[in-house]
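The values are calculated or read from the model by the stated rules, or taken from the named source; none is laboratory data. Keep in mind that what you see is a predicted model, and the values were worked out from it rather than measured. Cβ: placed from backbone, ideal geometry, glycine included. Neighbour counts: every protein chain shown. Ligands, DNA and RNA are stripped out before the accessible areas are found, and what is left, the full protein with its side chains, is counted by its heavy atoms. Shrake-Rupley method; radii C 1.70, N 1.55, O 1.52, S 1.80 Å.
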Amino acid sequence: MRKDPYDFRSKRKPRTIGIDATFIFIIICVMFALLLGRMGWFQLIKRDRNVAAFNDTMMRSRPIKAKRGSVLDRDGNVLAETVARVRVFVNTKQAVEAGTEVKAADVISDLFDIPKDEIVERIRSRKHRIEYFVKDADPEKAELLKKAARRGGLAQALDSKLKSGDPITGLGAETYSVRSYPNDSLASNIIGYVNSNGESIYGIEHKYELELCGNSGWESVGISGSRQIPGSKKVIKECLDGKNVYLTIDKRIQEIAEKAMLPTIETYKPESMCAIVMNPYTGEILALANYPTLNLNEFSGADPEKLRNGAVEFTYEPGSTLKTIVAASALEDGCVEPKEVVATCHKTATIGKHTIHCSVHHPYNNGPGPVDCYMTIDQSCNMGAMALGSRLGDKKLYKYLTDFGLVGKHYFGFGGEGYYPLEDPNKEPWAKIKLANVSFGQGISVTPLQMAAAYCVIANGGEYVRPQIIRGITADDKVPNFSVKEKRRVLSERTAKEVRDMLESCVENGTGKSAKIEGRTIGGKTGSAQASVNGRGYSGDYLISSFIGIAPAEKPELVIAVIVRRPQGNHYGAVVAAPILREIAEESLRYMKIPADKPEAEDTERKESI
Ligand SMILES: [Zn+2]
């Protein structure tokens, strides 16, 4: 039987179709089920993990930098502060690769008046990845520069109707913070500095780092692409700005002291020098000037040794300025009366194998003469000082020197305070020559600041008050109150007054005449000594000239100490150091509005006091 082709097809076709459709349907169902399962798995099981991953990529944590506190003077004048500045830069790699260096140079040159060729050359040299062209740009100009970078030129930035060109790749401006010292080198040896890496290197900046730096905080920010999602900022940890450190320094008196040193620097070219001005009643250091010094805004590449605070860190043999302390101690002890003759000066004296010289003085230039406490001070007689030391003896002298703050290490708020140990005679008695040497200021080393503090005892009526450089540290902008840290009686008021009279006599009639100021009573003592180098022997050409004084002598307001190391050409304290004291005293008393206290007629009254 022949099969009907049509019939065959009609019977085959539906069957074939039936099998394929079922198969495809099953496949689709399986796939659909799989898809549903997968979706369900994603939705129900992996959901939490996916959301977390999403958030992780979108949220960023970043530090909020604390603002460093300022360093200020006693009245709130800024000595060091952190300021925001704007700088203009070119990413040299990007600019060169995009070929935009000439366009970038055009914009910078037009806005900031820098030669275009120079800019192009610096970009093409690719010496630095980021090349800064302006470090303290006017913010409005910087905004214009950014607009010019976006719109392809300065003309397009200035005229919004102009069609934008291609952006100037690599050109930009950014805000950054910088430590600024508005007075350049003023008080720089006290302040120290913070370098471009944000590290505090020296001085108050370093010593009070923890107080000044504050604590950084953290914030979390949502990011989409490279942009912050508005309203997404969340502070995780609050940032705590640094505190402000107020010094006891008076900016004006500091300026006066630094200026007063200039003629001596010019004329005698010393190795180093310092001038200290103190309030004798509170121990506040009103000025502390050092030479050499540095401009704190240009410290990069400078010799950091120039920032050393010699007034606090370096010890020296005080020489004749110590005779005042020895005389005060002997008077207080009662082993001498002010006008009692204690020695006869023969210009030289012998102790064992040592010969002591006296740079003999008026009125005994031509022969031996009697010496009392006044003459010991105002003619700086070594024989008088030795006699006073001998009457006291080593143990009592050591005790008084300790009471005056001249023995051992003391802290005044700077950090790095120097000291040189003085042998304790209670452990081993001093040899005769040691006692003699100490009596006129050799064989003992102290810092200039220690000596200034010892003279404050005489100025304030007999109390030792510890010197301080910190007025207070606060978290707000209110000037803090100062508090005296240590105060104890060393001399009776009577002894202190007697010694002030001797210092006044020294300026009126003795070796300190060059510190005289018209209309003012000034007291002071000269010092000129060979210096011991690191405590080992004396060097003939290493001389230290000094002058320490009280102004006014009758009603003291200030103690001023001037110490000059290794002056060239002259080493007498009266010549090298006293004029600086006179200048500081005169200018400072005028600034403090202290009335004149000496009528002109009184000028020669004390001539007969020796
Ligand atoms: Zn003498």
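May I ask you to verify whether residue 398 is more than 16 Å from the ligand (Cβ to nearest atom), hydroxyl-bearing (Ser, Thr, Tyr) and more than 33 Å from the chain's Cα centre (by Cα)?
yes
At least 2 residues being assigned by TED's automatic domain parsing to the domain that holds residue 116 and farther than 30 Å from residue 274 by Cβ is the threshold, and among the helices (runs of 4 or more DSSP H) wholly inside the stretch 134-239 those reaching it are 139-151, 154-158.
So for the stretch 472-485 (the condition being closer than 30 Å to residue 204 by Cα, among the small types (Gly, Ala, Ser) and assigned to a loop (DSSP other than H, G, I, E, B)), does at least one residue qualify? Yes, the stretch 472-485 has at least one match.
Can you tell me which residue is farthest from residue 417 (Cα to Cα) among those in the stretch 391-405 that are in contact (Cβ under 8 Å) with a residue 24 or more places away in the chain and open to solvent by 80 Å² or more (accessible area, probe 1.4 Å)? Among residues in the stretch 391-405 that are in contact (Cβ under 8 Å) with a residue 24 or more places away in the chain and open to solvent by 80 Å² or more (accessible area, probe 1.4 Å), the one farthest from residue 417 (Cα to Cα) is 391.
Scoring residue 357 on the criteria (1) within 11 Å of the ligand (Cβ to nearest atom); (2) modelled with pLDDT under 90; (3) open to solvent by less than 70 Å² (accessible area, probe 1.4 Å) leaves a single failure, condition (3).
For the stretch 250-283, a residue qualifies if it is open to solvent by less than 10 Å² (accessible area, probe 1.4 Å) and in a strand (DSSP E or B), and the qualifying residues are 273, 274, 275, 276, 277, 278. Say whether the condition of being within 16 Å of the ligand (Cβ to nearest atom) and touching a helix residue (DSSP H, G or I) at 6+ places or on another chain (Cβ under 9 Å) is met by at least one residue in the stretch 313-320. Yes, the conditions are met somewhere in the stretch 313-320.
The residue list 294, 286 contains one member that is open to solvent by 10 Å² or more (accessible area, probe 1.4 Å), more than 16 Å from the ligand (Cβ to nearest atom) and part of a strand (DSSP E or B), which is 286.
Picking from residues in the stretch 297-323 that are in a loop (DSSP other than H, G, I, E, B) and under 17 Å from the mean Cα position of the chain (by Cα), the one that is surrounded by the fewest Cβ atoms within 10 Å (Cβ to Cβ) is 300.
Candidates 371, 326, 342: the one that is within 9 Å of the ligand (Cβ to nearest atom), of a type outside the set (Phe, Trp, Tyr), in the same structural domain as residue 436 (by TED's automatic domain parsing) and crowded, with 24+ Cβ neighbours inside 10 Å is 371. Just one of the listed residues (78, 120) is under 30 Å from residue 242 (Cβ atoms) and open to solvent by less than 70 Å² (accessible area, probe 1.4 Å), namely 78. For the stretch 414-429, the criterion of being buried (at least 19 other Cβ atoms within 10 Å of the Cβ) and over 39 Å from the mean Cα position of the chain (by Cα) is satisfied by no residue at all. Determine if the stretch 532-541 includes at least one residue that is among the β-branched types (Val, Ile, Thr), at pLDDT below 95 and open to solvent by 10 Å² or more (accessible area, probe 1.4 Å). Taking every residue of the stretch 532-541 in turn, at least one turns out to be among the β-branched types (Val, Ile, Thr), at pLDDT below 95 and open to solvent by 10 Å² or more (accessible area, probe 1.4 Å).
Suppose the filter is part of a loop (DSSP other than H, G, I, E, B), within 16 Å of the ligand (Cβ to nearest atom) and surrounded by fewer than 17 Cβ atoms within 10 Å (Cβ to Cβ); does residue 408 pass it? Judged against the criteria, residue 408 is not a match. Checking every residue in the stretch 552-564 against the condition of being among the aliphatic types (A, V, I, L, M), surrounded by 18 or more Cβ atoms within 10 Å (Cβ to Cβ) and either touching a Gly at 6+ places or on another chain (Cβ under 7 Å) or at pLDDT below 90 (or both) gives at least one match. Considering only residues that are polar (S, T, N, Q) and open to solvent by 20 Å² or more (accessible area, probe 1.4 Å), look in the stretch 379-390 and name the one that is nearest to the ligand (Cβ to nearest atom). Among residues in the stretch 379-390 that are polar (S, T, N, Q) and open to solvent by 20 Å² or more (accessible area, probe 1.4 Å), the one nearest to the ligand (Cβ to nearest atom) is 382. Taken as a whole, the condition of being farther than 30 Å from residue 191 by Cα, among the basic types (Lys, Arg) and open to solvent by 70 Å² or more (accessible area, probe 1.4 Å) does not apply to residue 135.
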